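Scroll down for the structure; my scribbles are underneath it.
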């Protein structure tokens with residue numbers, strides 16, 4: 001962890017690593033929780049393998065659509081997912097990548113230590129992400145995901 005370049009959301013939650021991993025790898029389910037309401041996800045594609053595509057299209061409350069594509073770098077079932085928007089699928093470089101994300105799921109008691117890290121290329125990019133509301137937004141998304149898991153799995 002590099003405090004000057006990384007942002008972290010860490011929390012112990014009352015859901016198993018297996019259910020969290022399932023939520024993160026279910027394209028239909030992600031549409032229900034992946035961005036803070038009232039925004040929504042209108043499209044999601046997952047090719048769960050290193051080099052595979054992770055694509056979402058977010059929709060603003062005004063109807064504007066924002067596509068986000070990326071590439072999985074590492075998959076450890078029920079424990080870790082690493083992806084980046086700096087690469088497209090099959091590790092093809094992209095022009096305007098913003099960060100690499102690392103999701104780590106560690107069993108803790110009857111729940112999970114959930115640690116999401118956003119790694120940035122420089123301090124300015126980290127600051128921009130923080131100002132965009134990283135902590136609040138990613139926290140809301142985590143809460144939405146937990147509610148989705150509890151009502152659907």
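List of remarks:
- Where residue 18 falls short, out of the listed (1) touching a helix residue (DSSP H, G or I) at 6+ places or on another chain (Cβ under 9 Å); (2) part of a helix (DSSP H, G or I): (1)
- Check on residue 3, under 26 Å from residue 128 (Cα atoms) and surrounded by fewer than 17 Cβ atoms within 10 Å (Cβ to Cβ): yes
- Residues being under 22 Å from residue 73 (Cα atoms) and either at pLDDT 95 or above or in contact with a strand residue (DSSP E or B) (Cβ under 8 Å, 6 or more places away or on another chain) (or both) - total across region 122-140: 4
- Hits in region 3-36 - residues which are farther than 23 Å from residue 53 by Cβ and without any contact (Cβ under 8 Å) to a residue 40 or more places away in the chain: 3
- Test for residue 9: is it part of a loop (DSSP other than H, G, I, E, B), under 19 Å from residue 84 (Cα atoms) and under 14 Å from the mean Cα position of the chain (by Cα): no
- Of all residues in region 23-36, none satisfies being in a strand (DSSP E or B) and surrounded by fewer than 16 Cβ atoms within 10 Å (Cβ to Cβ).
- Enumeration of residues in region 33-60 that are at pLDDT below 95 and either over 19 Å from residue 136 (Cβ atoms) or within 13 Å of the chain's Cα centre (by Cα) (or both): 35, 36
- Out of 95, 74, 123, sole residue that is more than 12 Å from the chain's Cα centre (by Cα) and in contact (Cβ under 8 Å) with a residue 60 or more places away in the chain: 123
- Applying the set (1) part of a helix (DSSP H, G or I); (2) under 28 Å from residue 4 (Cα atoms) to residue 150 leaves exactly one unmet item: (2).
- Test: residue in region 132-150 that is touching a helix residue (DSSP H, G or I) at 6+ places or on another chain (Cβ under 8 Å), surrounded by fewer than 17 Cβ atoms within 10 Å (Cβ to Cβ) and touching a residue at least 12 places away in the same chain (Cβ under 8 Å): no
- Qualifying strands (runs of 3 or more DSSP E) (wholly inside region 44-129; at least 3 residues being surrounded by fewer than 16 Cβ atoms within 10 Å (Cβ to Cβ)): 65-76, 100-108
The values are calculated or read from the model by the stated rules, or taken from the named source; none is laboratory data. Quick caveat: nothing in here was measured; it's all calculated off a predicted structure. Glycine gets a Cβ as well: all are built from the backbone with ideal geometry, and neighbour counts include every protein chain shown.
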